[in-house]
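Asks: This is the structure I want to talk about, given as structure tokens.
The values are calculated or read from the model by the stated rules, or taken from the named source; none is laboratory data. Please read these numbers as outputs of a predicted model, since none were measured by experiment. Neighbour counts run over all protein chains shown; Cβ positions are idealised from the backbone, glycine included. Note: accessible area is taken over every heavy atom of the protein model, side chains too, but ligands, DNA and RNA are not part of it. Shrake-Rupley method; radii C 1.70, N 1.55, O 1.52, S 1.80 Å.
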Amino acid sequence: MLFYQEFDTPVGQVIVAADQSSLAALRFASAIDQNRIEPSWQQHGTPLLLRCHEQLQQYFRCERREIDLPCRHVGTEFQKMVWRKLRDIPFGQTWTYGQLAHSLGRPESVRAVGQAIRANPLPIILPCHRVIGSDNSIKGHPGGAAVKESLLNFEVFGFG
């Protein structure tokens, strides 16, 4: 069973879902997705969700650079490999899709890396916003290009 909570952040409201031991999803409430909250999810502030909220607040106050909580990765082996690698990209820095593919030892898999990032169930927590196009362009993000750009700018310049 998954439980969820809604949290306000500087980049908009997010919905975070988790079971008792790991985070399962982070979705942006502003996204044009009618299935932001799954019918089987129950609204409940579990200890893990409360820790997630606290860490998100710390992150956005520049008191923390990463969300350090257990994550449940449900996807293909390649997607899981990409999602785990996202945590290696330092706060305030970017990698291109090609650099990420190369770091996985799969330089020919740039498009597959992009597809895995598009399917990232835990944006911000698994920081896919740190991956940009080879021409430094802001490419797809689950919260939209504006959210991705806001997160990148926040990590470099802060919100204040």
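Asks: Determine the per residue accessible area of the chain with all protein chains present and a 1.4 angstrom probe, expressed in square angstrom.
Replies: That works out to 51 Å² per residue.
Asks: Under 8 Å for C-alpha pairs, at least 6 residues apart: give me the relative contact order for the stretch 1-56, rounded to a whole percent.
Replies: Values: 91 pairs, mean separation 21.5, N = 56.
Relative CO of the stretch 1-56 lands at 38 percent.
Asks: Taking 1 over the mean of 1/r across every pair of different Cα atoms in the stretch 71-137, what Kirkwood radius in Å do you get?
Replies: Averaging 1/r across every pair of different Cα atoms and inverting gives 11.7 Å.
Asks: A follow-up question, please. In a shell of Cβ-Cβ distance under 13 Å around Arg51, excluding Arg51 itself, what net charge do Lys and Arg (+1) and Asp and Glu (-1) give? Provide the component values of the computation, followed by the final result.
Replies: Values: positive: Arg64; negative: Glu54, Asp68.
That works out to -1.
Asks: Now a separate question. Please compute the Kirkwood hydrodynamic radius of the stretch 1-139 from all pairs of different C-alpha atoms, in Å with one decimal.
Replies: After inverting the pairwise mean of 1/r, the radius is 15.7 Å.
Asks: Let me ask something else about it. With a 1.4 Å probe and every protein chain left in place, tell me how much accessible area Lys139 has, in Å² to the nearest 10.
Replies: It works out to around 90 Å².
Asks: Further, regarding this structure: With a 1.4 Å probe and all protein chains in place, put His129, His102, His53 in order of accessible area, largest first.
Replies: Per-residue accessible area, sorted high to low, gives His102, His53, His129.
Asks: Also: For the chain, what does -39500 (n - 2.57) per DSSP helix run (n ≥ 4), summed and divided by total residues, give at 222 nm, in deg cm²/dmol to the nearest 500?
Replies: Working: 5 runs with 53 residues, N = 160.
Counting only the DSSP helices, I get -10000 deg cm²/dmol.
Asks: List the equivalent ellipsoid semi-axes of the stretch 110-154 in whole Å, largest first, each obtained as the square root of 5λ for an eigenvalue λ of the Cα gyration tensor.
Replies: Ellipsoid semi-axes (Å, largest first): 15, 13, 8.
Asks: Quote the accessible area belonging to Glu66 in square angstrom, nearest 10, computed with a 1.4 Å probe and with ligands, DNA and RNA left uncounted.
Replies: About 60 Å², ignoring ligands and nucleic acids.
Asks: Here's a follow-up. Please compute the Cα-Cα pair-distance distribution of the stretch 4-71 with 10 Å bins starting at 0, giving whole percents from short to long.
Replies: 21, 54, 23, 1
Asks: If you don't mind, there's one more thing I want to ask. Run the reach check for Lys148 against lysines, Cα to Cα strictly under 16 Å, same-chain hits fewer than 8 apart removed. What comes back?
Replies: Lys148 reaches Lys139.
Asks: Okay, moving on. Give the ranking of Arg87, Arg118 by solvent-accessible surface, highest area first, calculated with a 1.4 Å probe.
Replies: Details: Arg87 80, Arg118 170 Å².
Putting Arg87, Arg118 in descending order of accessible area: Arg118, Arg87.
Asks: Looking only at the chain, where both bridge partners belong to it, what percent of the DSSP beta bridges are antiparallel (to the nearest 5)? Walk me through the numbers before you get to the answer.
Replies: Numbers: 12 of 17 bridges.
Given both bridge residues lie in the chain, the antiparallel proportion sits at roughly 70 percent.
Asks: So how much slack lies between Gln93 and Glu149, counting 0.36 nm per residue of separation and subtracting their Cα-Cα distance, in nm?
Replies: Length difference between fully extended and current span is 18.9 nm.
Asks: Let me ask you something else. Restrict the search to the stretch 65-127; then list the chymotrypsin sites (Phe, Trp or Tyr not before Pro) that DSSP places in a loop and that have at most 16 other Cβ atoms within 10 Å of their Cβ.
Replies: On the way: sites: Phe78, Trp83, Phe91, Trp95, Tyr97; in loops: Phe91.
Qualifying residues, ordered by number: Phe91.
Asks: Leaving ligands, DNA and RNA out of it, report the carbon-plus-sulfur percent of the accessible area of the stretch 67-160 at a 1.4 Å probe.
Replies: It is 50 percent, rounded to a whole number.
Asks: Scan around Thr96 for amide H atoms under 5 Å from its own, H built in the peptide plane at 1.01 Å from N, and keep only partners 5 or more places away or cross-chain.
Replies: Residues meeting the amide H criterion: Ile132.
Asks: I would also like to ask the following. So which GluC sites (Glu not before Pro) in the stretch 105-160 pass both tests, a DSSP loop state and at most 14 other Cβ atoms within 10 Å of the Cβ?
Replies: Here the sparse-neighbourhood loop sites are Glu108.
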